[in-house]
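All remarks here apply to the structure that follows.
The values are calculated or read from the model by the stated rules, or taken from the named source; none is laboratory data. The structure displayed is predicted, hence computed values, not measured ones. When we count neighbours, we look across all protein chains shown, and the Cβ atoms used for this are built from the backbone with ideal geometry, even at glycine.
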Amino acid sequence: MTPAAEGRLVRVYVWEVPVRIAHWLIATSIMVLSATGFYIGWPFVTVSGPAGPSFFMGWVRVIHGYTAYVFIAAVLLRVIWMFTGNNYAHWDKFIPVHPSRRRGMWPTIRFYLFGPRRPPGFVGHNPLAGLAYLLVFGQYLLVIGTGLVMRGAGAPADSLLRWFTTCEGMFGGLYVVRWIHHVVMYLLLGFAVHHVYSSVLMSGVERNATVESIFSGYKFVSEAELMESTYRFVNRRGEVDE
């Protein structure tokens, strides 16, 4: 690879439209759900007067409920796209089933521990980030499950949501369900802070429009890095892993 090719940038379409839509729907709904959920758990605003004209808690619960359905739909869209989307969105970028992804785990950890000055070249998610997102999706499913159980407990007797109350015993009771739901909210908020910080950090270090790519879908990588990333993940059968 010549020096000119090493410095020449290539525009790569990484994040497809459904991935970007799911990302922003999930991010926005987490913020709304956290704000409304925090108030539901600790109603610090006191509204005087009859409940009819002063339906503040009711509106908060309505917003929380409908936003939860948006969140569920966005998570479902992202899961579907793990099997139908492009190579960068595929499920094997979250579960390191390929040896090449496992080999890239330690160099990525060393970079995060301030070892190498530059991270190993990955066009999409690096192996460590993919594994972290797998844990986050597990939290998504947990917060959705506990939310549906609580929603079913307050639903009318003929509502289909009542079915989810049969899962209450799996968690040890409704009180534990509410506690788990609350704790996962804080874990997701903590991840959101870390996610924004690491995205800005990687965008500044790699200078490849990491932050901008979640809006446009495109990253800019050098031809050398793109070739290195491609050939690193060719397995013995000649199939490209990434």
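A few remarks follow.
- Within segment 116-129, tally of residues that are closer than 18 Å to GLY217 by Cβ and either in a helix (DSSP H, G or I) or not aromatic (Phe, Trp, Tyr) (or both): 4
- Test result for PHE215, modelled with pLDDT under 95, of a type in the set (Phe, Trp, Tyr) and within 19 Å of SER29 (Cβ to Cβ): yes
- Screening PHE220 against (1) within 21 Å of the chain's Cα centre (by Cα); (2) surrounded by 15 or more Cβ atoms within 10 Å (Cβ to Cβ) leaves a single unmet condition, (1).
- Close pairs from segment 162-189: first more than 14 Å from LEU141 (Cα to Cα) and in a helix (DSSP H, G or I), partner at pLDDT below 90 and among the acidic types (Asp, Glu), Cβ under 7 Å, at least 6 apart: LEU174/GLU168
- Checked against (1) more than 21 Å from ILE180 (Cα to Cα); (2) in a helix (DSSP H, G or I), ALA68 passes all but condition (1).
- Under the condition of being in contact with a Ser or Thr (Cβ under 9 Å, 6 or more places away or on another chain), among the aliphatic types (A, V, I, L, M) and exposed (fewer than 13 other Cβ atoms within 10 Å of the Cβ), the residues counted in segment 23-61 number 1.
- The set of residues in segment 175-224 that are more than 30 Å from VAL149 (Cα to Cα) and charged (D, E, K, R) comprises GLU206, ARG207, GLU212, LYS219, GLU223.
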